[in-house]
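Before any comments, here is the structure.
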Amino acid sequence: GGGGGGGQVGWVSHVEAWVALTLWMQLVQVLVMSTRLAALLYTVKELFSDVFRLLVLVALSFFAFGTYLTCLQEEHFNEFFASCLVLLRVILDLDPPELDRLGGWALMMIVLFVIGVQIGMLSILIAQLSLAYEHLSTDKQGYAKMNRVFVCVEIESFLPLQQRRDIHDALGFENPLEFDSGDVGPAGGVQALQNSGVRAHPKYVPDRIIRSPGSASAKEPWPEGGLKAKGNAMDKEGVE
């Protein structure tokens, strides 16, 4: 009875430990509130996908060489899983067994396995991660916003349908956006005011859309002579 109770407590403890670990890992999603942390989180996630693909190749190499060594029935390689475990201990240098009594073919295969995994695949992994990080770092702001939108959509899917409708109605997407006094734009958006320091930035590109605010009445047509002058002025400003 005592042994069974101890086993049950141990099983429950393992479940609680995994639940606690999972909850803390889910807390990482809070990092999307910061653009830089969201970009870092997205980059790490993409890099882990590359690592996982390489680990699949490493696992296949373990199985292949483990099967070969098991067929030889050398010392420490009597069973398949025991052979894979010995190879893992050799790769990680975790108290590997003595291999002096092995035959020449077994030693040669172990050397080839170590060279292929530790030198070959590890070098490929480093080069692949370097190229992937360089590619992701160029557009990290865009990737951060994309990751934030993905998390928001996932969270929104758990909300009741009526609550989502209330949020959508409160945003007022059906109301036209007012660009200026008397200049009513299209509907379907949320207005955000531009910072005044944007135009002073050296990389600022002026808007190519020529807008003529005012009444849209047929009795008051758009000005014709000033449009071409505005376009030429904008082209000159863009060149400068």
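Here, each number is a calculation from the coordinates, and none is a lab measurement. Fair warning: this is a prediction, and the values are worked out from it, not measured in the lab. Here Cβ is always computed from backbone atoms with ideal geometry, including for glycine, and neighbour counts include all displayed protein chains.
Label-to-label distance, Arg165 versus Arg101, with points set 7 angstrom from Cα along the beta-carbon direction: 7.8 nm. Compared with the direct C-alpha span, the chain from Ala132 to Leu85 gains 13.8 nm at full extension, assuming 0.36 nm per residue.
Net length available on complete extension from Asn175 to Val44 is 43.1 nm, with 0.36 nm assigned per residue and the Cα-Cα distance removed.
Under 5 Å between amide hydrogens, built in the peptide plane, is the criterion, and for Glu75 it picks out nothing among residues at least 5 positions away or on other chains. Considering every alpha-carbon pair of segment 20-153, the percent of pairs per 5 Å bin, from zero through the bin containing the longest distance, is 2, 9, 15, 15, 12, 10, 10, 9, 8, 6, 4, 1, 0. Sorted ascending by nearby beta carbons within 10 Å, beginning with the fewest, Met33, Met121 become Met33, Met121. In this structure the amide hydrogen of Gly185, modeled in the peptide plane, comes within under 5 Å of the amide hydrogens of Leu177, Glu178, Phe179, none closer than 5 places in sequence on its chain. The residues packed around Arg101, meaning those with a beta-carbon under 12 Å from its beta-carbon, carry a net charge of -4 if Lys and Arg are +1 and Asp and Glu are -1. The simple spin-label model puts a point 7 Å past each Cα toward its Cβ; for Val111 and Phe158 those points are separated by 5.6 nm.
Here the gap between Asp207 and Val58, fully extended at 0.36 nm per residue and compared with their Cα-Cα distance, gives a gain of 48.4 nm. Note on Leu72/Ser123: beta-carbon distance plugged into 1/(1 + (r/R0)^6) with R0 of 22 Å gives a FRET efficiency of 0.15.
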